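Read through the structure below, which is laid out as structure tokens, and then see the notes.
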Amino acid sequence: MAFGQQAGPPATSRQTKELLDLLRDAGHSDFRDARGPMGFTQRQAGGRFTRDEADALITQLRDAADAAEEGVGESDTQASGSASAPRRSKTELGLTKVPDGLLAAELQRRGWIVVEPE
């Protein structure tokens, strides 16, 4: 195999689109954004996968989404009846890393009333 070539037939456009949709549902904006967390190579970060790679990643992402859905109760679903979570912006994803106390202190500094959940 020559340097830089894939080790199999390229993924179909349907596989690539489905993989991108699953990555977006997982909170990534594109393949490059998912490179570090997903462990993609530079070739994969450019959106180039073999059929086997795409199938394995699609299965992995579906399993992760199914596991996350099992943890969601019926009262946690959206009012529209859809069980899928809305896509979060990079800012929202960044806020998940902020400790609760620091976030509450910042909101209070801005004039909000903050109450700890029960």
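The values are calculated or read from the model by the stated rules, or taken from the named source; none is laboratory data. Since the structure is predicted, the reported quantities are computational estimates derived from the model, not experimental observations. Here Cβ is always computed from backbone atoms with ideal geometry, including for glycine, and neighbour counts include all displayed protein chains.
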E53 fails exactly one of the following numbered conditions: (1) part of a loop (DSSP other than H, G, I, E, B); (2) at pLDDT 90 or above; (3) not polar (S, T, N, Q). What is the number of that condition?
(1)
From the list Q44, Q6, Q15, pick out the single residue that is out of contact with any Lys or Arg (no Cβ under 6 Å at 6 or more places or on another chain), surrounded by 13 or more Cβ atoms within 10 Å (Cβ to Cβ), of a type in the set (S, T, N, Q) and modelled with pLDDT under 90.
Q6
Would a scan of the range 9-27 turn up a residue that is in contact with a helix residue (DSSP H, G or I) (Cβ under 6 Å, 6 or more places away or on another chain), under 22 Å from G94 (Cβ atoms) and among the charged types (D, E, K, R)?
no
Return the residues of the range 94-111 that are farther than 28 Å from S29 by Cβ, surrounded by 10 or more Cβ atoms within 10 Å (Cβ to Cβ) and not small (G, A, S); say none if nothing qualifies.
Q108
